[in-house]
Amino acid sequence: MTATADRATVRTDRTGFRAEVRALLAEERVRDQVTSVARLGPTAEVERLDVYGWLGERGLLAPHWPVGHGGRGLGPAEAAIVTEELTLAGVPDDVHVLSIDIVGTFLLRAGTDAQKRQHLPGLAAGTSLATVLFTEPSAGSDLAALRTRAVPDGDGWRLHGVKLYNQKSQFADVALCAARTSESPVQWHGISLFLVPLRTPGVHVETVPTMTNEQFTRVTLDGIRVGPEDVVGPVDAGWQQIGELLLLERTGIDFHGKVRRLLDLVLRRAAERGLLADPAYGPVLAELDAALRAAHALAWETVGNLEAGVSDPVLASMAKWYVSEQTRPVLDSALEVHGPDAVRSVWDPHPVDDGLLEAGFRAAPTHRLASGSSEVMLYLIATSGLGLL
Amino acid sequence: MSDAVAGLAELVDAELTPVLRRLGARGRGAGEQAPAEEDAQARAAVWGVLAELGVLDLIGTDPAGLLAAVELLGTALHQSPLLDTALAADLLGPAWAAPVPTGTRTAAVALWAAPVGGPLPSGAAGPAGGPDRPAALALAGGRLSGRWGFVGFVRDVSDLVVVGDGVAAVVDPGGPGVVTRRHDDVARGDLYEVDLDSAPVRDLVPVPDRAGALGRARLRQAAYLVGSCQGALELAVGHLKRRDAFGAPLAKMQSPAYRLAGLSARVAAARAYVRAAGGAGTELAGAPLAAGGDDVLAGAQALLLASRLAREVSAEAVHLHGAFGLTEACEAQLFYRRAAVDTTLLGTPTELGRVAAARLAARWSG
């Protein structure tokens, strides 16, 4: 296989590609890192992992980016394979999703050549991190209600506002930030996207404790100046770009991997204890397994659309909604099959499975909220898909 | 998409679909009364069209194409010997299946040895019967005796295929020793009790992979039910858009809109499972999806998902039509009544869950 900048001419053996990624993630150094992450202290959080660098060295962290930008010139399918193998292997993927799947891939599509040269190589190598600053105290699902302002300052702007419920801002080097550049009676007009350096005066990052292993961050933008070179895409046209951007992350591949890992723990335990043969447990677990396989298949249909350059936001919304709705039933089954053992954290004197189920239980509510809440997904399906409301 | 499926997609359009949905319709308690002659002619004509389009050619040659075709027929709620003929082809092999594309060789498959009685508790001793517990066939001197229930279209096919433990017997459905009585089931369809009294057996065929054939049949049934879910959904959505209440279209109400949105996503997921189990996406993902490669698990899981949905979607479709949904004129009640039947003939969701659980247990201990 020859990687070229022209992805359309590249033919990849995806079975072989998946095997390559899986082999790297099965290496002892990666397994050791996964184990150490699972056993982090109660106030510690995953930052930059060596495994991202090991993947980046081989162009595997962002395989769908051109070779010149640190990728392999492959496509969305290979990117999805990497995301999937990461989550199945238990490698924390929030940094990967933010840096590669969202910010980096968006820059690749909409950024200037200078922006790509500045940011993509480091992101692809796993040596720099990016995050997203969209959500605000009064603007969650209704992003058009955001209040962060970009006040004109010469040929640039000064950003003023507060972003909340974001992730990894305390570790990231740069953020893709949405701010209002114009007032308009049409709420979604007048929003622009900026690349904002986070380790700079004018940007204050605080962590907000959560019940999960990942903290939120509160980022105060206190007049930090950004120039025209920091705008991504047309000024005032950020809303449409946000929509396209959210579609990039909305395949369900990452959520599926996380939930599949949890269900496999449950199935293994159930098999060991003979519960799969028990009529009270077996059929229920088999149906959960079926639903999760269906979610997986649907997620890959959305990847197929990305691969074919087809835009189908309804199918993407269906995929995200459906897979995220499997999380709670799977965790319920974990409680049923494991009993009280399921609630032992990794810091328990005798943790079970490194407390993955306990951590999963705490993280579960995020699945129905992140990347578009379940209600927003249903709204999109009802309106754009069924023509209702 | 194959030419056959493309041709079928053009055929199953908004004009023909309502006609297809009512083919074979009978009144409640119709008993042995056959539908009108015009109806029989129409059904024969449709079967001929399926042959002309090449849909029957898909049997045994293009499993993924057959799944797509069956899904389309499900949206039209089309009833025919197609699914049983496909199962028979799988059980009996290429020699039997060779004339199938012409439309002249068709099958009714007997899976439920009577008295049917429904599922048994795990590990319970008791009479065999049902797709997962085939009974030994009572054969003597090349003749077969016994009773089976819920055999579809047995009066309209060329071959009755009786599935036993490890073997299948082919009998002339119109031959000596064969008595059929129509079930009067909730869907008012073409299901029959079949009594065989020393009926001559044309052929006795070993069936080494009955479980696999059943799994593939379940996958096709799941495809059909996914199609029927889509048809029922479209009826419900269409009704919401047309019907006004409290000064606005029902389509503006959030409660039914969100319920239908969720159901449509679940239908999409079930469809994705069926297609993936038929091989779709394997090259894209670099690995089999769904339970690809394991026909037993895939068939059980696909049909389990689709069956649960079919019951839910069809009930929701009737409900959202209000009182009109209960009338004979409403198509939604056709889906509702059919769902009750079509979600049991190859095993109930609970039984399918049991089959899938056993398969998963074997995988996890293997």
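The values are calculated or read from the model by the stated rules, or taken from the named source; none is laboratory data. The structure presented is a predicted model; accordingly, all values stated were derived computationally and were not measured. No Cβ is skipped: glycine too gets one built from the backbone with ideal geometry, and neighbour counts run over all protein chains shown.
Checking each residue in segment A:1-26 for being modelled with pLDDT of 85 or more and in contact with a helix residue (DSSP H, G or I) (Cβ under 8 Å, 6 or more places away or on another chain) picks out A:ARG14, A:PHE17, A:ARG18, A:VAL21, A:ARG22, A:LEU24, A:LEU25.
Reported count of residues in segment B:341-366, each being under 19 Å from B:ALA110 (Cα atoms) and in contact (Cβ under 8 Å) with a residue 40 or more places away in the chain, is 9.
Considering the conditions (1) of a type outside the set (Asp, Glu); (2) in contact (Cβ under 8 Å) with a residue 40 or more places away in the chain; (3) more than 8 Å from chain B (Cβ to nearest Cβ), A:TRP300 is excluded by exactly one of them, (3). Of everything in segment A:305-320 that is free of Cβ contacts under 8 Å to residues at least 40 places away in the same chain and touching a Leu at 6+ places or on another chain (Cβ under 8 Å), the residue that is surrounded by the most Cβ atoms within 10 Å (Cβ to Cβ) is A:LEU315. Here segment B:321-350 is the region considered, the condition is being in contact with a helix residue (DSSP H, G or I) (Cβ under 7 Å, 6 or more places away or on another chain) and within 11 Å of chain A (Cβ to nearest Cβ), and the residue that is modelled with the lowest pLDDT is B:THR350. When A:GLY56, A:GLY68 are checked against the criterion of being surrounded by fewer than 18 Cβ atoms within 10 Å (Cβ to Cβ) and not in a loop (DSSP other than H, G, I, E, B), a single residue qualifies: A:GLY68. Checking each residue in segment B:297-317 for being buried (at least 24 other Cβ atoms within 10 Å of the Cβ) and away from every other protein chain (no Cβ under 14 Å) picks out B:ALA310, B:SER314.
Picking from residues in segment B:351-366 that are in contact with a helix residue (DSSP H, G or I) (Cβ under 6 Å, 6 or more places away or on another chain) and of a type outside the set (A, V, I, L, M, F, W, C), the one that is farthest from B:LEU263 (Cα to Cα) is B:SER365.
For segment B:241-264, the candidate set comprises residues that are surrounded by fewer than 24 Cβ atoms within 10 Å (Cβ to Cβ) and aliphatic (A, V, I, L, M); within that set, the residue that is nearest to B:LEU345 (Cα to Cα) is B:LEU263.
Across segment B:222-240, the number of residues qualifying as surrounded by fewer than 21 Cβ atoms within 10 Å (Cβ to Cβ) and either within 30 Å of B:GLY293 (Cα to Cα) or within 8 Å of chain A (Cβ to nearest Cβ) (or both) comes to 1.
Rundown of residues vs (1) among the aliphatic types (A, V, I, L, M); (2) within 18 Å of A:ARG261 (Cα to Cα); (3) touching a Ser or Thr at 6+ places or on another chain (Cβ under 7 Å), yes/no style:
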site: A:GLU20; (1), (2), (3): no, no, no
site: A:LEU25; (1), (2), (3): yes, yes, no
site: A:VAL34; (1), (2), (3): yes, yes, no
site: A:ALA38; (1), (2), (3): yes, yes, no
site: A:GLU45; (1), (2), (3): no, no, no
site: A:VAL51; (1), (2), (3): yes, no, no
site: A:TRP65; (1), (2), (3): no, no, no
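State all residues of segment B:263-296 that are more than 8 Å from chain A (Cβ to nearest Cβ) and among the polar types (S, T, N, Q); if no residue qualifies, say none. Of everything in segment B:263-296, just one residue is more than 8 Å from chain A (Cβ to nearest Cβ) and among the polar types (S, T, N, Q), namely B:THR282. Here A:PRO351 meets each of (1) part of a helix (DSSP H, G or I); (2) touching an Asp or Glu at 6+ places or on another chain (Cβ under 9 Å) with one exception, condition (1). Within segment A:371-389, being under 25 Å from the mean Cα position of the chain (by Cα) and buried (at least 17 other Cβ atoms within 10 Å of the Cβ) holds for A:SER371, A:GLY372, A:SER374, A:VAL376, A:MET377, A:LEU378, A:TYR379, A:LEU380, A:ILE381, A:ALA382, A:GLY385.
Applying the criterion of at least 3 residues that are touching a residue at least 24 places away in the same chain (Cβ under 8 Å) and under 17 Å from B:VAL116 (Cα atoms) to the strands (runs of 3 or more DSSP E) found wholly in segment B:138-225 leaves B:143-152, B:178-182, B:191-206.
Can you find, within segment A:337-389, the residue that is nearest to A:VAL97 (Cα to Cα) among those that are among the charged types (D, E, K, R) and away from chain B (no Cβ under 14 Å)?
Looking at the filtered set, the residue picked out is A:ARG362.
Being surrounded by 21 or more Cβ atoms within 10 Å (Cβ to Cβ), modelled with pLDDT under 95 and among the basic types (Lys, Arg) is the requirement here; does B:ARG188 meet it? Against the criterion (surrounded by 21 or more Cβ atoms within 10 Å (Cβ to Cβ), modelled with pLDDT under 95 and among the basic types (Lys, Arg)), B:ARG188 qualifies.
Does segment B:65-76 contain at least one residue that is of a type in the set (Gly, Ala, Ser), part of a loop (DSSP other than H, G, I, E, B) and surrounded by fewer than 20 Cβ atoms within 10 Å (Cβ to Cβ)? No, because not a single residue in segment B:65-76 is of a type in the set (Gly, Ala, Ser), part of a loop (DSSP other than H, G, I, E, B) and surrounded by fewer than 20 Cβ atoms within 10 Å (Cβ to Cβ).
Please give the helices (runs of 4 or more DSSP H) falling wholly within segment A:231-308 in which 3 or more residues are closer than 30 Å to A:VAL151 by Cα.
Because the criterion is at least 3 residues that are closer than 30 Å to A:VAL151 by Cα, the helices (runs of 4 or more DSSP H) in segment A:231-308 that meet it are A:238-249.
For segment A:310-335, the set of residues classified as more than 17 Å from the chain's Cα centre (by Cα), β-branched (Val, Ile, Thr) and assigned to a helix (DSSP H, G or I) consists of A:VAL314, A:VAL330, listed by residue number. Looking only at residues that are aliphatic (A, V, I, L, M) and in contact with a Lys or Arg (Cβ under 9 Å, 6 or more places away or on another chain) in segment A:251-275, which one is surrounded by the most Cβ atoms within 10 Å (Cβ to Cβ)? Among residues in segment A:251-275 that are aliphatic (A, V, I, L, M) and in contact with a Lys or Arg (Cβ under 9 Å, 6 or more places away or on another chain), the one surrounded by the most Cβ atoms within 10 Å (Cβ to Cβ) is A:LEU267. The residues on offer are A:SER317, A:SER371, A:SER324, and the sole one that is modelled with pLDDT under 90 and in contact with a helix residue (DSSP H, G or I) (Cβ under 6 Å, 6 or more places away or on another chain) is A:SER371.
May I ask you to verify whether B:ASP39 is more than 25 Å from B:ALA89 (Cβ to Cβ), modelled with pLDDT of 90 or more, acidic (Asp, Glu) and not in a helix (DSSP H, G or I)? No; evaluated as a whole, the condition is false for this residue. The test for being farther than 26 Å from B:LEU305 by Cα, out of contact with any helix residue (DSSP H, G or I) (no Cβ under 8 Å at 6 or more places or on another chain) and not in a loop (DSSP other than H, G, I, E, B) does not hold for A:PRO365. Residues considered: A:THR43, A:THR35. Of these, the only one that is more than 14 Å from chain B (Cβ to nearest Cβ) and either under 16 Å from the mean Cα position of the chain (by Cα) or in a loop (DSSP other than H, G, I, E, B) (or both) is A:THR43.
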